[in-house]
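Below is one structure, written out as structure tokens; the observations come after it.
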Amino acid sequence: MFFAWLKRFMPNGLYGRAALILIVPIVTIQVVVSIIFVQRYFSDVTLQMARNMRVEIGQIDATIRTGQTAEAGFSEAERLARGLDIRMWRGGAGAAGDARVFYDFSGIVVTRTLHQSLAGLRAVDLSDLSVVRLVIDNPRGTYELAFDRNRITARNPHQLLVYMLATGLLMTVVAFLFLRNQLRPIRRLSQAAEAFGRGRSVPYRISGAAEVRAAGAAFLDMRARIERHIEQRTLMLSGVSHDLRTPLTRLKLGLAMLGDGEDVAALERDVDDMRRMLDGFLAFARSEALDGDTVETDPAQLLRQAANDAQRAGQMVTIRDVEGEGTAQWRPRAIRRALDNLIGNAVAYGRHTELSVAILDRAVRYSVEDDGPGIPEELRDEAMKPFSRLEPARNQDRTSGVGLGLAITADIARSHGGSLRLGRSERLGGLKAELVLAR
Ligand SMILES: Nc1ncnc2c1ncn2[C@@H]1O[C@H](COP(=O)(O)OP(=O)(O)OP(=O)(O)O)[C@@H](O)[C@H]1O
Ligand SMILES: [Mg+2]
């Protein structure tokens, strides 16, 4: 409970946290040491010095009292005071009561200690920080004493604190610099990993502490393996598809030579379907490898183009909403293919299609809604798998589909650090496909 509350104020970044871990102990040590020191200083040292001073003053006081006459006592005491480096004069017109500056904490101890055993002490005047003035009542007359403050309080009490603070600050700065150097490799690794998650392969060089190096090496291995994997998949699928095309073409030629029988026409349709499927495989296999590098893309512009092309093909496609603006680092052709797949499904399974796009801070959300039958919730995951077509009976007339459209779209979304979500359209009643992509 308390920690959850505390967590809200904690920095999120590694840098901030490390800084906190670093600074909290330093500050705590300084505070503790300062408190202990100040206490020792104010109470112990001052107390001892005040006691010594009291003995000297007591001697002066006693000398006055034991003189043959008051005169003799005072002149004897004055000589003694000179020897002790204390200024002394008779008469007590000075301060009537104790006085000190409000921030003069050691003054409290001084005043208290002196009062404790000097019976005749009337006033301790510390209003001048460098001088202590005492007014003492003696049976033989009132007199005043003055001596340097540093005889009773150690000089420059703040010096240690200042030194400590200064070195503490210096060490913190040095530690910060070291820390930054240590954290930079981690940040570089996370940037490379993030970029790769979005389908970009940025150059990354292993550096930093042993653990970071290990993670970096593991990341590079992983990246290389995934890239190899994709490459192999592309190569295999496109190789197979390509190799199958030649016999298919031969088959088609052979069928054409057979004449115009009804059976032949059906066979030709089958061959055409197979070609389309092969094209689908090729597209799927290439979905990641295609299009090369990312470029600055305008998400709204992309949607308008897709809508325009669909309208020109006679589809009922409208753009309902364009929210926000900005550009994104994408492979525009891949995104365009993803949108076309979704729009193609929407016009194939419904009649009206509505498109919208929301350009957010860190992501872009396209939605494609239609008024068709939609996909029941339990079948949505299934629909996104490659080669899966739902209820073939439902759309028997469409023999063309391979069942790859949604799989390719989801793949493209993932390679752009996003995802494809299927849901129900509140407005139109059919499917609502949401394509979320990182900017
Ligand atoms: N807008 C939609 N409305 C209803 N059902 C849909 C919709 N979009 C997709 N489906 C269902 O999900 C299945 C998978 O869709 P997907 O786009 O992956 O394949 P396809 O459209 O059948 O073939 P392809 O797109 O490869 O030509 C479809 O067969 C269909 O049953
Ligand atoms: Mg489709």
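Structure values in brief
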quantity	calculated
Formal net charge of residues neighbouring PHE74 (Cβ-Cβ distance under 15 Å; K, R +1; D, E -1)	0
Contact order normalised by residue count of the chain, Cα under 8 Å, 6+ apart, percent	10
Efficiency of FRET between MET164 and LEU129 - r from beta-carbon atoms, R0 35 angstrom, step 0.05	0.95
Rounded if a/c under 1.5, otherwise prolate or oblate - segment 217-266, Cα gyration tensor axes	prolate
Directionally averaged projected area (convex hull, Cα atoms, segment 67-168), nm²	7.6
Calculated from backbone phi, Karplus (6.51, -1.76, 1.60) coupling profile of segment 370-386 in Hz, x at Gly/Pro	9, 10, x, x, x, 10, x, 3, 6, 9, 5, 5, 4, 4, 8, 7, x
Angle in degrees between helix 46-66 and the longest Cα principal axis of the chain, rounded to the nearest 10	10
Distant-in-sequence amide H partners of ARG424 (H built 1.01 Å from N, under 5 Å)	LYS432
If the convex hull is drawn through the Cα atoms of segment 189-312, its volume per residue in Å³	137
Viscosity 0.692 mPa s, temperature 37 °C, Stokes-Einstein D of segment 270-353 from Kirkwood C-alpha radius, µm²/s	227
Net charge of Cβ neighbours under 11 Å - reference VAL212; Lys, Arg +1; Asp, Glu -1	+3
Under Karplus coefficients 6.51, -1.76 and 1.60, residue-wise ³J(HN,Hα) of segment 403-408 in Hz, glycine/proline x	x, 10, x, 5, 4, 5
Derived scalar couplings ³J(HN,Hα) [segment 224-235; Karplus, 6.51 cos²θ - 1.76 cosθ + 1.60; whole Hz; x for Gly, Pro]	4, 5, 5, 5, 5, 4, 4, 4, 5, 4, 4, 4
Alpha-carbon centroid distance for the pair segment 348-370 / segment 189-261, whole angstrom	28
Selection from GLY326, SER106, ASN52 lying farthest towards where the dipole of the chain points positive, charges on Cβ	ASN52
Selection from HIS115, PHE147, LEU80, by position along the positive dipole direction of segment 11-151 (Cβ)	HIS115
Gained length - THR69 relative to ILE226, 0.36 nm times residue gap less alpha-carbon distance	45.6 nm
Cα radius of gyration and Dmax for the chain (Å)	45.0, 156
Cα centroid of segment 158-177 to Cα centroid of segment 85-131, whole Å	36
Crossing angle, helix 14-39 versus the chain [Cα axis fit, 0-90 degrees, rounded to tens]	10
Using a Förster distance of 25 Å, the FRET efficiency for GLU382-ALA348 (Cβ separation, nearest 0.05)	0.90
Cα pair distances of segment 318-432 binned at 10 Å [whole percent]	13, 47, 33, 7, 0
Estimated translational D of segment 1-76 in µm²/s (Stokes, Kirkwood radius over Cα pairs; 4 °C; 1.567 mPa s)	73
Extreme residue, positive dipole direction of the chain, given options PRO299, SER356, PHE387 (C-beta unit charges)	PRO299
Hydrodynamic radius of segment 1-131 per Kirkwood, over alpha carbon pairs, in Å	19.0
Protection proxy ranking of 96-105, 258-267, 78-87 - average other beta-carbon atoms within 10 Å, highest first	78-87, 96-105, 258-267
Cα→Cβ-extended label distance, 7 Å offset, between SER34 and LEU251, nm	8.6
Gain in span if fully extended, LEU84 to SER117, counting 0.36 nm per residue against the direct Cα distance	9.9 nm
Within the chain, helix-based [θ] at 222 nm, where runs of 4 or more DSSP H residues each add -39,500 (n - 2.57), nearest 500	-18500 deg cm²/dmol
Charge dipole (debye, nearest 20) of segment 292-438; +1 at Cβ of Lys and Arg, -1 at Cβ of Asp and Glu	300
Cross-link reach list, aspartates and glutamates versus LYS385, counting only Cα pairs under 15 Å and skipping chain neighbours closer than eight places	GLU377, ASP411
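Where a number appears in this text, it was derived from the coordinates with a stated rule and is not lab data. Just so you know, these numbers come straight off a predicted model, no measurement behind them. As a convention, Cβ positions derive from the backbone with ideal geometry for all residues, glycine included, and neighbour counts pool all protein chains shown.
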